[in-house]
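Participant: Take a look at this one; I'll ask things after.
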Amino acid sequence: MTDMTIRSVETRILDVPLIRPHKFATTTATEQSILLVSVTTADGVVGYGEGVTPGGPWWGGESAETMQVLVEKYLAPVAVGRRVDEVPAVLEAMEGVVARGRFAKAALEIAMVDAWARTLDVPVRSLLGGAVRDSIECTWALGAMPLGEMVEEIDELLAADRHRTFKLKMGAMDPAEDVARIAALAERLDGRAGLRVDINARWDRFTANVHLPALVEAGIELIEQPTPTEQIEVLAELNRTLPVQIMADESVQSPHDALEVVRRDAAGVIAVKTTKLGGLTRSKEVVAIARAAGVACHAATSLEGPIGTMASLHLACAEPGFNYGSELFGPLLLAETYVTTPIRYEAGRVHLPDGPGLGVEIDHDAVEKFTRRRPR
């Protein structure tokens, strides 16, 4: 018999440089700060999870620093002493001590599931029902950058056959200039790659109605979250009137949000992020709601490192409802890794690893290298 009781929960913040600046609608990231959470059982089995927000607290209201406080002071005490396979009970206990805080909760829940799977010597996907696929399409995202730089980067990735679809960040520029930039890119590529855009909820209703038709005309195949998070009725209007897929991201941060989106027919695709939704359990609930309503799911990213990315990949490969690919490219944006074996990206897809738990092993020397020394 094994003892799956949680003996300890530990955290550290990693600051990992990016291969290039990544520009969002409101900020530019040159490094990714990641809260690495470890759960150790009474038998000494260690599982890992990551708390990550894309480029800092501007997106989800949490940061590596706030997540560390939430995990250490509030969430770890309700988990220690319970078993790693008591995930629903621990989730309920966490809800009782922290409202929202979903990114922090995701890190701890995923560390528990990794430890649970390692104790049983099975991959995480087995605990999620088993794999329905062993890889998934992986879109590459480009920050808001000049046309020439975009063309050069896309051409290089197409030549290597690492990615075949690309997401372009918008919302940081004047809307007319932004649309002209994307239309020029679509013309230069001339159908050689699938193109999508993400406006990060930066346009109001008027701006969206004026400028989105030009993106459709240019050949953009999907438009992600053009309007503010809470304005689901505006998203629904755009979904009804535009002959292109609308993807809800910021508007879906809980299973209840997903229910509202499908009730109002506000999107054809939902971006499922294990981080923003609070972990694997809540993400599965969102996928179930979407699938019941005939809405597609996309395995999205908060620019997680290898641990968080693998958690999302196991989920995406275990749930049939993920029928609109993924953008689980986060580890490729990091200048260096902190796992011993790189994740495999090829033929436009990201591939499941073998091995127990999440299927990746920590490089402890690299973790030490990137660990932030308090205070900062």
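The values are calculated or read from the model by the stated rules, or taken from the named source; none is laboratory data. Keep in mind that this is a model prediction, so the values were computed, not measured. Glycine also receives a Cβ, built like all others from the backbone with ideal geometry; neighbour counts cover every protein chain displayed. The accessibility values were calculated without ligands, DNA or RNA, using every heavy atom of the protein model including side chains. Shrake-Rupley method; radii C 1.70, N 1.55, O 1.52, S 1.80 Å.
Participant: How big is the accessible area of residue 364 in square angstrom, nearest 10, if you roll a 1.4 angstrom probe over the protein chains?
Facilitator: For residue 364, solvent-accessible area is about 110 Å².
Participant: On average, how much area does the Cα convex hull of the stretch 5-160 cover when viewed from any direction, in nm²? Write out the running numbers ahead of the final one.
Facilitator: Details: hull surface 44.0 nm².
Average projection, Cα convex hull of the stretch 5-160: 11.0 nm².
Participant: Using only alpha carbons, build the gyration tensor for the stretch 127-245 and give me the equivalent ellipsoid semi-axes, biggest first, whole Å. All intermediate terms of the calculation are to be shown ahead of the outcome.
Facilitator: Values: eigenvalues 120, 91, 29 Å².
Those come to 25, 21, 12 Å.
Participant: If contacts are Cα pairs under 8 angstrom and at least 6 residues apart, what is the relative contact order of the stretch 3-105 in percent? Working shown, then result.
Facilitator: Working: 177 pairs, mean separation 29.8, N = 103.
Computed value for the stretch 3-105: 29 percent relative contact order.
Participant: Using a probe radius of 1.4 Å on heavy atoms only, what accessible surface per residue do you get for the stretch 106-149? Whole Å² is fine.
Facilitator: Working: 1390 Å² over 44 residues.
Accessible area per residue: 32 Å².
Participant: How high is the relative contact order of the stretch 128-256, in percent, counting Cα pairs under 8 Å that sit 6 or more residues apart? Mind dumping the intermediate values first?
Facilitator: Details: 179 pairs, mean separation 25.6, N = 129.
The normalised contact order for the stretch 128-256 reaches 20 percent.
Participant: Kindly work out what percent of the DSSP beta bridges joining two residues of the chain are antiparallel, to the nearest 5.
Facilitator: Values: 28 of 51 bridges.
Of the beta bridges lying entirely in the chain, close to 55 percent run antiparallel.
Participant: Once the mean 1/r over all distinct Cα pairs of the stretch 330-376 is inverted, what Kirkwood radius in angstroms do you read off? All intermediate terms of the calculation are to be shown ahead of the outcome.
Facilitator: Values: mean 1/r = 0.0802 Å⁻¹.
For the stretch 330-376, inverting the mean 1/r across all distinct Cα pairs yields 12.5 Å.
Participant: How long are the semi-axes of the equivalent ellipsoid of the stretch 302-369, taking √(5λ) for every eigenvalue λ of the Cα gyration tensor, in whole Å from largest down?
Facilitator: Details: eigenvalues 92, 35, 21 Å².
Calculated on Cα positions only, the semi-axes equal 21, 13, 10 Å.
Participant: Can you pull the three principal axis extents for the Cα set of the stretch 212-321, in Å, largest first?
Facilitator: Taking the Cα atoms of the stretch 212-321, the three principal extents are 38, 28, 24 Å.
Participant: Here's a follow-up. Would you work out what percent of the accessible area of the chain, with all protein chains in place, is carbon or sulfur (probe 1.4 Å)? All intermediate terms of the calculation are to be shown ahead of the outcome.
Facilitator: Values: 7040 of 14330 Å².
With neighbouring chains kept in place, the figure for the chain is 49 percent.
Participant: I've got another one for you. Suppose we look only past 19 Å in the calculated P(r) of the stretch 177-228. What percent of the Cα-Cα pairs does that tail hold? The partial results should precede the final answer.
Facilitator: On the way: 278 of 1326 pairs.
In whole percent, the share of Cα-Cα pairs in the stretch 177-228 beyond 19 Å is 21.
Participant: Filter 167/276; 73/273; 105/273; 105/284; 23/273 down to the pairs with a C-alpha to C-alpha distance above 23 Å, please. List each step's numbers first, then the result.
Facilitator: Values: 167/276 19 Å; 73/273 25 Å; 105/273 13 Å; 105/284 15 Å; 23/273 20 Å.
Cα-Cα > 23 Å for 73/273; rest within.
Participant: Let me ask something additional. What distance in nm separates the simple spin-label points at residue 97 and residue 121, each placed 7 Å from Cα in the Cβ direction?
Facilitator: Distance between the two pseudo-spin positions: 3.4 nm.
Participant: So, in Å, what gap is there between the alpha-carbon centers of the stretch 218-239 and the stretch 98-127?
Facilitator: 32 Å
Participant: Once the cut-off is 41 Å, how many percent of the Cα-Cα pairs in the chain end up in the long-distance tail? Walk me through the intermediate numbers first.
Facilitator: Numbers: 6514 of 70500 pairs.
Everything past 41 Å amounts to 9 percent.
Participant: Add +1 for every Lys or Arg and -1 for every Asp or Glu among the other residues with Cβ under 10 Å from the Cβ of residue 234, and state the total. Let's see the in-between values first.
Facilitator: Numbers: positive: 205; negative: 204, 230, 233, 237.
Neighbour charge sum, excluding residue 234 itself: -3.
Participant: Over the chain, what is the relative contact order in percent, taking alpha-carbon pairs closer than 8 angstrom and at least six residues apart? Intermediate results must be reported in sequence, preceding the final value.
Facilitator: Working: 852 pairs, mean separation 74.1, N = 376.
Here the relative contact order equals 20 percent.
Participant: Considering all projection directions equally, how large on average is the shadow of the alpha-carbon convex hull of the stretch 1-78, in square nanometres? If you can, show how the numbers build up before the last one.
Facilitator: Numbers: hull surface 24.4 nm².
One quarter of the hull surface, i.e. the mean projection, equals 6.1 nm².
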